[in-house]
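First comes the structure, then the notes that go with it.
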Amino acid sequence: MTDAPEDVRTPTPDGPVRAISLLSGGLDSILATRVVQDQGVDVLAVHFITPFFGDDKRGREDEVVAYYRDAFGIRARIVDVSEAYLDVLAEPRYGYGKNFNPCIDCKIFLLRQAVEILHAEGARFLVTGEVLGQRPMSQRRDAMNAVAKHSGARDILLRPLSALNLPITAAERNGWVDRNRLYGFQGRTRKPQLALAEKLGITEFPTPAGGCRLTDPALGARVRRYFETVPPADRRPDDVRLVLVGRPFRLPGGSWFTLGRNQAENRVVERLARPGDEIVRAAGPPGPLGVLRPSGDPDDRARAAAVLLRYCPRAGPGTRVAFGPGVDRPERVVDPAEVDRAGIDAWRF
Ligand code: SF4
C-alpha cells in the first residue's frame, strides 16, 4: 500500500448530483445506496469482484445487474479488480485480520478504485454502507478514519447509515443530501437496519454467496501459501482461483492441477479452465474432474493422472487418464506416474 494520496478535491461538476456507492451485496450497502438515491441523487452502485469476493458474479454480470435493478431499484455495475487486488494482499499496510484478510487495506483500495470511477462518471461523492462499530477490525472509528484518509476520499465519503456519528462531509455541507434524513446507527445490533429495510420496502434480503474467502481459515491459508511460494511476477488471479476450489496441487514441474471433490465442485473446476488448460478425467470409470494448467513440463501430465486416480475410487489396475480441451474432447490418454500416496500428498497445495 502506497502513502496516502492527496485528498480528492470536492468535485462540483455541472448537472445532476451523482454519487458512486460501493455495493458489497450485503444489506447495509443496499440500504446506504437507497438512502442516498431516495434523496434524489443519481447513484451508480459499483460491485467490485476479485477471486476472493464476488467471484460468483463473473460471467453473469448482466443477470446480476438486472437482479439489483429489479429487486432493489439500484443501478449497479460489476467491476473486476482482480489483477490489482493481488498487490493489496501482498503487503497490506494495516496487516491481516484473523486469517489472510487485509480488511483495512482492502477498503482503502476499493475506495481508491471508486474515486477513479467517480471522476470518470462526473460524480461528486462516494457512499458506503459502513456502520460504526459493527465489525471488530474495519469498522472501528480509527480504522474508518484511516480508510477515509488513505483513500484520499476523506471529505467526499458519506456513510449514510452512521453519518450522524461522524463529521459532516461535502455531501451534507453542500446540500447534496439532507443530513436530517441520514442515520446514526452504531454497534453490532442489526435491528435498525432491519427496521430501515422495512421502511424502504426491502423485504427480500440478499444472501451473499460465500462471503469473503480470505476470512475462511482453510482458504485463507491456501492464499497465504500462494503468496509465500509464488514470486510476485508469476502471480495470476486465474491461478489463485484454481487454488481456492476443490483439491489443489502444485506439481513438481510447476503445473497447477485442481480436482473437484464432488459433482458440484467438478462443475466449478471445469468452468475455471481457460484456453491452454486441459480437462482431466479417468478414461472409463466415473470419478473426479480435474483441470491441469500446464507449465510445459511433459511429465506433469502423468503426475496429474496419478493424483486423479488416487481420488477415483472406481479406478482399478490399468485405468488410464484422459486429457483434452473439454470433457467430451479427450485428445490423449496417459498412464499415471509411479508415485505413492505420500508423494502425492507432498504436491498438495
Ligand atoms: S472481509 Fe474481505 S472483502 Fe471484506 S473488507 Fe475484509 S478483505 Fe475486504
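The values are calculated or read from the model by the stated rules, or taken from the named source; none is laboratory data. This structure is a prediction, so every number in the text was calculated from the model and none was measured. Methodologically, a virtual Cβ is constructed for each residue, glycine included, from the backbone with ideal geometry; neighbour enumeration extends over all protein chains shown. Heavy atoms of the whole protein, side chains included, go into the accessibility calculation; ligands, DNA and RNA do not. Shrake-Rupley method; radii C 1.70, N 1.55, O 1.52, S 1.80 Å.
At a glance:
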| item | result |
| --- | --- |
| Filter result (touching a residue at least 60 places away in the same chain (Cβ under 8 Å) and either outside the structural domain of Val177 (by TED's automatic domain parsing) or not polar (S, T, N, Q) (or both)) within the range 43-58 | Val43, Leu44, Val46, Phe48, Pro51, Phe52, Phe53, Asp55, Asp56 |
| Test: Thr10 is touching a helix residue (DSSP H, G or I) at 6+ places or on another chain (Cβ under 6 Å) and modelled with pLDDT under 95 | yes |
| Out of Asp55, Asp70, Asp42, sole residue that is closer than 29 Å to Val223 by Cβ and not hydrophobic (A, V, I, L, M, F, W, C) | Asp55 |
| Hits in the range 245-261 - residues which are open to solvent by less than 10 Å² (accessible area, probe 1.4 Å) and either at pLDDT below 95 or assigned to a loop (DSSP other than H, G, I, E, B) (or both) | Gly246, Leu251, Ser255, Gly260 |
| Residues being open to solvent by 40 Å² or more (accessible area, probe 1.4 Å) and either touching a strand residue (DSSP E or B) at 6+ places or on another chain (Cβ under 9 Å) or in a helix (DSSP H, G or I) (or both) - total across the range 72-112 | 9 |
| Enumeration of residues in the range 133-183 that are surrounded by fewer than 23 Cβ atoms within 10 Å (Cβ to Cβ), within 16 Å of the ligand (Cβ to nearest atom) and charged (D, E, K, R) | Arg135, Arg140, Asp142 |
| All positions within the range 337-349 that are touching a residue at least 12 places away in the same chain (Cβ under 8 Å), under 36 Å from the mean Cα position of the chain (by Cα) and open to solvent by 50 Å² or more (accessible area, probe 1.4 Å) | Arg341, Arg348 |
| Pro288 open to solvent by less than 70 Å² (accessible area, probe 1.4 Å), in contact (Cβ under 8 Å) with a residue 12 or more places away in the chain and either assigned to a strand (DSSP E or B) or out of contact with any Phe, Trp or Tyr (no Cβ under 7 Å at 6 or more places or on another chain) (or both) | no |
